[in-house]
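Student: Take this structure, written in structure tokens, and hold onto it; I'll ask about it next.
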Amino acid sequence: MQYQEIVYTTEGDVGIIRLARPAARNALTYRTYGELEDAVRRTDSRCLVITGEDPAFCSGDDVKQIMAGKDGPPVESLEREPRLTPAADALLATNVPIVAAVNGAAVGWGMELAVMADIRVASERARFGELFVLRGLCCDVPGLGRLAQLVGREKTAELLMTGDLIDAAEALRIGLVSRVVAHDQLMPTALALATRIAANPPLAVARIKQGLREALDPDWNALGEWVSRSLAELFQTEDHREGVRSFLERRPARYSGR
């Protein structure tokens with residue numbers, strides 16, 4: 001695949017995936033999802049760093065394309081073939097260690113992307129938010145299966161059910177990220193960490209990552225099917241349509257419970 005919406009480069013044994021739609025704050029289109037999945041599945045690097053072009057890490061789904069456009073949410077596909085999001089499957093199944101270098105806003109699926117990394121390094125400019133509830137939707141599998149491992153069930157419930165944004169300092173305090181650094185030190189710090197990991201015996205590192213999955217992770221495929229079925233229902237609600245309209249019209253939403 002020839003990439004148009006991500007950039008893949010290498011530094012030694014470290015692969016770098018950079019989301020490259022800065023004008024849209026690296027919002028995800030169907031193509032971005034496909035390119036991200038392809039890059040993760042094809043990499044032969046010993047460690048990956050995932051980041052975004054400034055000013056954002058990833059602002060989640062491109063609302064105009066995926067939720068409000070003619071290529072809107074594939075409800076029939078979600079109902080007919082409920083499954084784990086393919087990009088999430090690639091990220092959750094790989095034995096290649098992943099470091100997220102969170103350079104700005106990581107919201108919606110952008111936060112899900114950060115949560116799927118093994119280690120998160122945040123710029124002081126980073127912001128995190130699971131915004132799905134504000135669009136009348138539930139989150140994808142990482143928000144359910146990984147976030148609670150990091151910050152605990154109660155804080156996870158608060159973040160998922162309010163859609164609140166938190167800053168880098170709060171993310172560090174609750175254990176969502178491992179460290180916060182000055183913005184200009186983000187990539188050097190993330191690359192130094194990834195290089196240290198990549199220098200270790202790759203078979204042992206892969207087994208450690210696999211072991212963490214075995215010990216801590218749920219059945220991602222079963223959870224992915226549940227999320228697909230839930231989203232198929234929620235995409236058809238008036239609350240979802242109102243959540244999208246209010247976002248595009250930049251006004252407070254008025255939810256009806258329908």
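Student: Looking only at segment 89-114, count every residue that is touching a Gly at 6+ places or on another chain (Cβ under 7 Å), hydrophobic (A, V, I, L, M, F, W, C) and free of Cβ contacts under 8 Å to residues at least 60 places away in the same chain and tell me the total.
Tutor: Adding up the residues that qualify gives 2.
Student: Step by step: first the residues of segment 176-196, then only those that are in a helix (DSSP H, G or I) and small (Gly, Ala, Ser), then the one that is most open to solvent (accessible area, probe 1.4 Å). Which residue is that?
Tutor: Ala192
Student: A follow-up question, please. On the basis of being more than 24 Å from Trp226 (Cα to Cα), assigned to a strand (DSSP E or B) and open to solvent by 30 Å² or more (accessible area, probe 1.4 Å), does Thr51 make the cut?
Tutor: no
Student: Additional query: Could you tell me which residue of segment 122-151 is most open to solvent (accessible area, probe 1.4 Å), considering only residues that are in a loop (DSSP other than H, G, I, E, B) and either closer than 16 Å to Ile66 by Cα or of a type in the set (Asp, Glu) (or both)?
Tutor: Glu124
Student: May I pose another question? Suppose we filter segment 18-38 for residues that are closer than 21 Å to Asp140 by Cα, free of Cβ contacts under 8 Å to residues at least 40 places away in the same chain and under 15 Å from the mean Cα position of the chain (by Cα); how many remain?
Tutor: Number satisfying all stated conditions: 5.
Student: While we're here: For segment 31-44, enumerate the residues that are touching a helix residue (DSSP H, G or I) at 6+ places or on another chain (Cβ under 7 Å) and open to solvent by 10 Å² or more (accessible area, probe 1.4 Å).
Tutor: Selection gives Tyr33, Glu37, Arg41.
The values are calculated or read from the model by the stated rules, or taken from the named source; none is laboratory data. Quick caveat: nothing in here was measured; it's all calculated off a predicted structure. As a convention, Cβ positions derive from the backbone with ideal geometry for all residues, glycine included, and neighbour counts pool all protein chains shown. Quick note on the areas: whole protein, heavy atoms, side chains included, nothing else; ligands and nucleic acids left out. Shrake-Rupley method; radii C 1.70, N 1.55, O 1.52, S 1.80 Å.
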